[in-house]
Amino acid sequence: KNEVEQSPQNLTAQEGEFITINCSYSVGISALHWLQQHPGGGIVSLFMLSSGKKKHGRLIATINIQEKHSSLHITASHPRDSAVYICAVGEEDSNYQLIWGAGTKLIIKP
Amino acid sequence: DTAVSQTPKYLVTQMGNDKSIKCEQNLGHDTMYWYKQDSKKFLKIMFSYNNKELIINETVPNRFSPKSPDKAHLNLHINSLELGDSAVYFCASSLLAGYGELFFGEGSRLTVL
C-alpha cells in the first residue's frame, strides 16, 4: 500500500462541474503539496498547506490533519483545467523527502 | 525570466553515450532537486542538494552523477546511457530543504535508442 493514495485515478467531467480530488496519507507530515501537470508536461505548484484551507481563484485545498486527508476542489471547471493533479507530502522528521501520490488525471469536456 | 530553467528540453542519443542535463534557478533558493518521471508518470526523487551539499541520494545507478557548482545550479551527468534511462527528468528548487513551495523546470525528455 502506498503511503500517499489519491482518488480517483481518472476523472472526466463536463465543463462547469464542481470537481473534488482526494489525497489520503498514512504518515505524519510537515506539509502537503498539490501540484498540476499539464499535458505539455510542465509541473506547477498549486498549494502547500499544513492545516486548514487555502483558496486561489477557482481552486480550493483543504486538509484534515487528524484524518490524514486532503482534498483539492475546482469550482466552475473549465477544459483548461484538464491536467494531472498530484498530491505529495513532506514526512515529519524525514530527510527532506517528499512522498508522491500517483496523480489524478482530470479531463473536462466542453 | 524563467524561474527554473533546464537544458536541453529534448535529448535523443545512442546507448552507451554520456550526456548532461543542466539546471539553473534564479529564485535564490537553497535547495535543488532532480526527479525522474517514468512512462507510468510517477515522479521519483533522484538527488537533492542544499546549498551545494548533497542531502538526498536515492538508489540510482552510479552512472548518474549530480554536480552543484553553486546553489543556483544543479547539473546531472549520465554515463553509459541505457535504454531504461529514457524518461523525463525534472529539476526543481525550494527555498529550504524539504520546506516551501516547489518550483519545477520544464523537464528534459531523454530518449535512448
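The values are calculated or read from the model by the stated rules, or taken from the named source; none is laboratory data. All of these numbers come straight from a predicted model, not from anything done at the bench. Because the Cβ atoms are built from the backbone with ideal geometry, glycine has one as well, and the counts that use them run over all protein chains shown. With ligands, DNA and RNA removed, areas are computed over all heavy atoms of the protein, side chains included. Shrake-Rupley method; radii C 1.70, N 1.55, O 1.52, S 1.80 Å.
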Point to revise | Spatial extent of chain A: Rg and Dmax, with the Cα atoms as the point set, Å | key: 13.4, 45
Check your understanding: When Cβ neighbours within 10 Å are restricted to other protein chains, what is their mean count per residue of peptide A:26-33?
Key -> 1
Review point. On average, how much accessible surface per residue is there in the protein assembly as shown, in Å², for a 1.4 Å probe, leaving out ligands, DNA and RNA?
Key: 50 Å²
Point to revise | Scattering profile of the stretch B:1-84 at q = 0.18 Å⁻¹ [log10 I(q)/I(0), Debye over alpha-carbon scatterers] | key: -0.82
Study note, to complete from the structure: For B:Thr111, the residues 5 or more places away or on another chain with a placed amide H closer than 5 Å to its own amide H are B:Leu11, B:Val12, B:Thr13
Check your understanding: Top to bottom by accessible area (1.4 Å), largest first, where do A:Val89, A:Val44 land?
Key -> A:Val44, A:Val89
Practice item. Return the value, in Å² to the nearest 100, of accessible area buried between chains A and B (probe 1.4 Å, both sides summed). Key: 1500 Å²
Point to revise | Of all DSSP beta bridges in the stretch A:5-110, antiparallel share, percent nearest 5 | key: 90 percent
Review point. Leaving out ligands, DNA and RNA, what percent of the accessible area of chain A is carbon and sulfur, probe 1.4 Å?
Key: 49 percent
Point to revise | Accessible-area order (highest first, 1.4 angstrom probe) of the listed residues A:Lys109, B:Lys71 | key: A:Lys109, B:Lys71
Point to revise | Modelled FRET efficiency - R0 45 Å, A:Thr20 with B:Leu83, Cβ distances, 0.05 increments | key: 0.70
Exercise for review: Sticking to Cα atoms, compute the Rg of the stretch A:6-71 to one decimal and its Dmax as the biggest Cα-Cα distance, whole number, in Å.
Suggested key: 12.7, 36
Study note, to complete from the structure: Ignoring ligands and nucleic acids, B:Arg109 exposes an accessible area, probe 1.4 Å, in Å² to the nearest 10, of 120 Å²
Check your understanding: Which residues of the stretch B:47-88 show a drop of at least 30 Å² in accessible area when all protein chains are present, compared with their chain alone (probe radius 1.4 Å, heavy atoms only, ligands and nucleic acids excluded)?
Key -> B:Ile55, B:Ile56
Practice item. Please tell me which of these pairs span more than 20 angstrom C-alpha to C-alpha: B:Lys44/B:Lys67; A:Lys105/B:Lys22; B:Lys22/B:Lys44; B:Lys41/B:Lys71; A:Lys53/B:Lys41; B:Lys22/B:Lys52? Key: A:Lys105/B:Lys22; B:Lys41/B:Lys71; A:Lys53/B:Lys41
**Study point:** B:Ser39, B:Ser93, A:Ser82, ranked by accessible area, largest first (probe 1.4 Å)
**Key:** B:Ser39, A:Ser82, B:Ser93
Review point. Given a 1.4 Å probe and the protein chains all in place, what does the accessible area of A:Thr12 round to, in Å² to the nearest 10?
Key: 80 Å²
Practice item. Run the numbers on chain A and let me know its relative contact order in percent, using alpha-carbon pairs under 8 Å that are six or more apart. Key: 37 percent
Exercise for review: For the stretch B:67-80, take each phi angle, set θ = phi - 60°, evaluate the Karplus expression 6.51 cos²θ - 1.76 cosθ + 1.60, and give the result in whole Hz per residue in order, putting x for glycine and proline.
Suggested key: 9, 10, x, 7, 5, 8, 10, 9, 9, 10, 10, 10, 9, 6
Point to revise | Centre separation in Å (Cα based) which lies between the stretch A:7-61 and the stretch B:42-113 | key: 24 Å
Check your understanding: So how much slack lies between B:Thr7 and B:Lys41, counting 0.36 nm per residue of separation and subtracting their Cα-Cα distance, in nm?
Key -> 10.2 nm
Practice item. Starting from the Cα-Cα distance between B:Leu54 and B:Tyr99, subtract it from 0.36 nm times their residue separation and give me the gain in nm to one decimal. Key: 14.6 nm
Review point. Hey, what's the per residue convex hull volume over the C-alpha atoms of the protein assembly as shown, in cubic angstrom?
Key: 126 Å³
